[in-house]
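Trainee: Mind looking over this structure? Questions follow.
The values are calculated or read from the model by the stated rules, or taken from the named source; none is laboratory data. Keep in mind it's a predicted model, so treat the numbers as computed, not measured. Note: ideal-geometry Cβ built from the backbone for every residue, glycine included; neighbour counts use all protein chains shown.
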Amino acid sequence: MKGPSLGVRLLVLTVLSVSLMVVDARFDTLKPLRSQIGLLATPLYWLADLPTRLWEDMTLSISSRSELLAENEKLKAEALLLQRRLQKLAALTEQNVRLRELLNSAELVDEQVLVSELIGVDPNPFTQRVIIDKGSKDGVSLGMPVLDARGLMGQVVEVMPYSARVLLLTDATHGIPVQVNRNGLRAIANGTGNPGLIELRHVADTADIKEGDLLVSSGLGQRFPAGYPVAIVKEVVRDSGQPFAIVRAEPTAALSRSRYLLLVFSDQRTPEQRATDSAEAQEAADRDAAARQEAAAPTPAVAPAPAAPAATGENRNGRN
């Protein structure tokens, strides 16, 4: 049996739809039904919108991940730059501290000094030598004492136009006359090849020397000026069967760490010349003092001449 045609069906559905729209617009009868239908249709709406929402979420996730990666790389680069600046600042701070210490040491040195910078270390493991950035063009000469902010380091053994080579105290071939600052006991401090150790040789077993004593340059030999710190005694080994004690000391200078050094222009005059110059300077000072005393002495006052007696009237008129 053949049913209604398609056109009739479409017409019936159209009339029914329009009727429902009119009833829904004018009356509240269909509101519960519409609510129930909307509740049933919600899952369908959610399923229909699911592909769109998944695409948006995936796009946002990819975009956010790319942005986070880029931001992470940027923050890493900034962190590296800040660390480099911090390291540079720390290095500059330490350099400033060392220069201040060196400046304070230069103020305590009576002789003329020249500040230099260490630019190299001798690669030979059996020698203790360094290279500095001052040479003959700067007035550096052989034998000039070298010290840092803490004490003597060594002496110049080779001079080039713009650099010089310094032999450190701890070199096995180096020796320096020292004395114990506490009692004036004299000895010779020799290097051991160890950058942190020197030895005092031929010290009598009964000598008055003990751990903690400060060793200073004695000035004997006229190579190193007297009174500069050299080392601190760390060990004294006495053996009753041996005539000499074994004395080991640690240099006060930071031989393996100091970067800025002082070159000391020591007085090259002979003792006779120094005595003559001192006597002449004393005579000149005495003459200056005498001249100042004479200039400051008060000038004696000159007594006024007596006044002539006044003439009488008889004398003025020529009568007795």
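Trainee: Only one residue in 172, 149 is assigned by TED's automatic domain parsing to the domain that holds residue 233, more than 27 Å from the chain's Cα centre (by Cα) and closer than 20 Å to residue 255 by Cα. Which one?
Mentor: 172
Trainee: Can you name the condition, by its number, that residue 201 falls short on among (1) surrounded by fewer than 16 Cβ atoms within 10 Å (Cβ to Cβ); (2) not in a strand (DSSP E or B)?
Mentor: Of everything listed in (1) surrounded by fewer than 16 Cβ atoms within 10 Å (Cβ to Cβ); (2) not in a strand (DSSP E or B), residue 201 misses just condition (2).
Trainee: Hey, another quick one. Can you tell me which residue within the range 150-176, out of those that are of a type in the set (Ser, Thr, Tyr) and buried (at least 17 other Cβ atoms within 10 Å of the Cβ), is nearest to residue 256 (Cα to Cα)? Spell out how you get there, then give the answer.
Mentor: Looking only at the range 150-176, we keep the residues that are of a type in the set (Ser, Thr, Tyr), and these are 162-163, 170, 173.
Remaining after also requiring buried (at least 17 other Cβ atoms within 10 Å of the Cβ): 163, 170.
Details: 163: 19, 170: 11 Å.
Top of the filtered list is 170.
Trainee: Condition test on residue 208, is it assigned by TED's automatic domain parsing to the domain that holds residue 129, free of Cβ contacts under 8 Å to residues at least 40 places away in the same chain, surrounded by fewer than 13 Cβ atoms within 10 Å (Cβ to Cβ) and not polar (S, T, N, Q)?
Mentor: Working: assigned by TED's automatic domain parsing to the domain that holds residue 129: yes; free of Cβ contacts under 8 Å to residues at least 40 places away in the same chain: yes; surrounded by fewer than 13 Cβ atoms within 10 Å (Cβ to Cβ): yes; not polar (S, T, N, Q): yes.
Considered against the rule, which asks whether it is assigned by TED's automatic domain parsing to the domain that holds residue 129, free of Cβ contacts under 8 Å to residues at least 40 places away in the same chain, surrounded by fewer than 13 Cβ atoms within 10 Å (Cβ to Cβ) and not polar (S, T, N, Q), residue 208 comes out as yes.
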